[in-house]
Structure formats: structure tokens, C-alpha cells
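To start, the structure under review is shown below, and the notes come after it.
The values are calculated or read from the model by the stated rules, or taken from the named source; none is laboratory data. As the structure is a computational prediction, the values presented were derived from the model and not from experiment. Glycine gets a Cβ as well: all are built from the backbone with ideal geometry, and neighbour counts include every protein chain shown. The accessibility values were calculated without ligands, DNA or RNA, using every heavy atom of the protein model including side chains. Shrake-Rupley method; radii C 1.70, N 1.55, O 1.52, S 1.80 Å.
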Amino acid sequence: MNFLDALQISGSGMSSQSARMNVIATNLANAEATRTPEGGPYKRKEVIFGSVPFKEVLEGQNKSLISESKVMGVIEDTRAPQMKYDPGHPDADAQGYVALPNVNVIQEMVNMMLASRSYEANVTAVQTTKDMAMRALEIGK
Amino acid sequence: MIDRIASSLEIKSLPSLNAQEGKVSEAAGFGEMLSKSIREIDMLQKDADISIENLAAGENTDIHQTMIAMEKADIAMKLMIQIRNKVVGAYEEIMRMQV
């Protein structure tokens, strides 16, 4: 059914946004991590969203135009780490500088607001879809 | 019971209407259509059940996917109830008919 497809698509958007939220949480939690299993400071991560054709489209509709959201992958931010002068730090280099993660907390907060608002938008889309279906059922009453 | 009412209500004039359009369709009975949609709704409800179980067991961490599965089952169920009301209404209308 058409309405159910719309719900599915909104759900995919919500899944993408929660995946983005996971990455933002990782960035914030590791904003001051100077040691990682790969060595060096933590590197900021970012999600890449993709649009994939929706499989259960009804015949007669243009299949390529209806698509759901999907997280295509998580990439590492390649920007250089922030250098902070702190000679007492155990991870400081010979000049006394410590390489801190390239995470900007303010930027992460803005991304978090974006993720939250996008999620809300998808929830609203679900509610509207449901309202429309319920309105259609009221015709018979 | 709905099946039996439905099959007796099967529209006989439908094939001739389609023949005018140059289509020869096998008139799938209303009862058949109804049981197909009931199976579909049953499937949606089972999906919702599975996703609630997974959420409770901690396997599926996506709350919204469970909510959406529940909403789908809810909408389909409400549509089914409307169809049932209409069918029962038609049956009662026939039963009230003066002989």
C-alpha cells in the first residue's frame, strides 16, 4: 500500500539521522582523546548519506524517483589535529605540544541540532502520512 | 462467513465491462481479494510483533522502526475494520429487504 511505503521511507530517514547522532556522540565523547588503537589523537568522523531506490514501489510509478535514505559510510576528517602547548602532558612531543583531536565541539553541537531537527521532520512526515490515511478512512463513516 | 457473503456478492457484469476495453480479466472474486488483504494485514501484524519482541530483547535498537511497524499494522487493521463494517452493513441491508 502507498501509505505504508511512505512510512517505510520516513523510517529510513530516521535511521539515517540516528546513525548520524551516533557519530556525533562519538566525536563529542572523544573530543579530548589523545591515544587511539591506531596511534595518535582521535580523528573526527562524519557520516555520508546516500539515496537508494525504494524497492517496493507500485508499478506504474517511476521507480527511480522514489528512494529511501541510507548511510553509505563513515569517513574520517582529514584535517590536522589541534596542537596545544602543554609540556607536562605525557603525550607531548619534543617541543612540548600535544596533538588533540580535530573535533570542534561547537561544530558538533550544530550538527547535533541538524540531526535532531531532521529526525523531527521525519517524525512529522510519519504523523502526516498517518493522518492522511485516517482521513481517507473517515470517508466511509 | 464474510467469505461466503462476499462470494455471493460477486459482480457478474465485470468481465463484460472489461471486454469493452479489450481486456480479458479473470474476475477475481471479492472474497478472494478480501482474504488476500487479510493475509497481508496478518503479515504486517506479525512483523510488528517480531519487531516488538526484538526491541524488548535488546536486539533491535531502533525504536522508530518498531513504532513504524506498529503504525503500519494499525492503519491496515483500521482499513480492514472499515471494510468489514461496509460488508456487514450491506448484509444487514439485504436482510432487512421486504419479501
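Observations on the structure shown:
- Qualifying residue in the stretch B:50-65 (condition: out of contact with any strand residue (DSSP E or B) (no Cβ under 9 Å at 6 or more places or on another chain) and on the phi > 0 side of the Ramachandran plot): yes
- Residues of the stretch A:71-103 that turn out to be part of a loop (DSSP other than H, G, I, E, B) and either open to solvent by 40 Å² or more (accessible area, probe 1.4 Å) or of a type in the set (S, T, N, Q) (or both), as a count: 14
- Among the criteria (1) hydroxyl-bearing (Ser, Thr, Tyr); (2) in contact with a strand residue (DSSP E or B) (Cβ under 7 Å, 6 or more places away or on another chain); (3) under 30 Å from residue B:80 (Cα atoms); (4) within 14 Å of chain B (Cβ to nearest Cβ), the one residue A:67 does not fulfil is (4).
- Residue within the stretch B:24-36 that is within 30 Å of residue A:21 (Cβ to Cβ) and among the charged types (D, E, K, R) present: no
- Beta carbons closer than 6 Å, at least 6 apart along the sequence or on distinct chains, pair a first residue in the stretch A:125-140 that is more than 9 Å from chain B (Cβ to nearest Cβ) and within 15 Å of residue A:2 (Cβ to Cβ) with a second that is assigned to a helix (DSSP H, G or I) and open to solvent by less than 30 Å² (accessible area, probe 1.4 Å) for A:125/A:10.
- Remark: residue A:106 matches the filter, which requires a residue to be of a type in the set (A, V, I, L, M), away from every other protein chain (no Cβ under 14 Å) and open to solvent by 40 Å² or more (accessible area, probe 1.4 Å).
- Each residue in the stretch B:56-78 was checked for being open to solvent by 60 Å² or more (accessible area, probe 1.4 Å) and within 14 Å of chain A (Cβ to nearest Cβ), and 6 of them qualify.
- The number of residues in the stretch A:46-58 being touching a Ser or Thr at 6+ places or on another chain (Cβ under 8 Å) and open to solvent by 50 Å² or more (accessible area, probe 1.4 Å) comes to 3.
- Residue match in the stretch A:34-41 (condition: within 16 Å of the chain's Cα centre (by Cα) and exposed (fewer than 13 other Cβ atoms within 10 Å of the Cβ)): no
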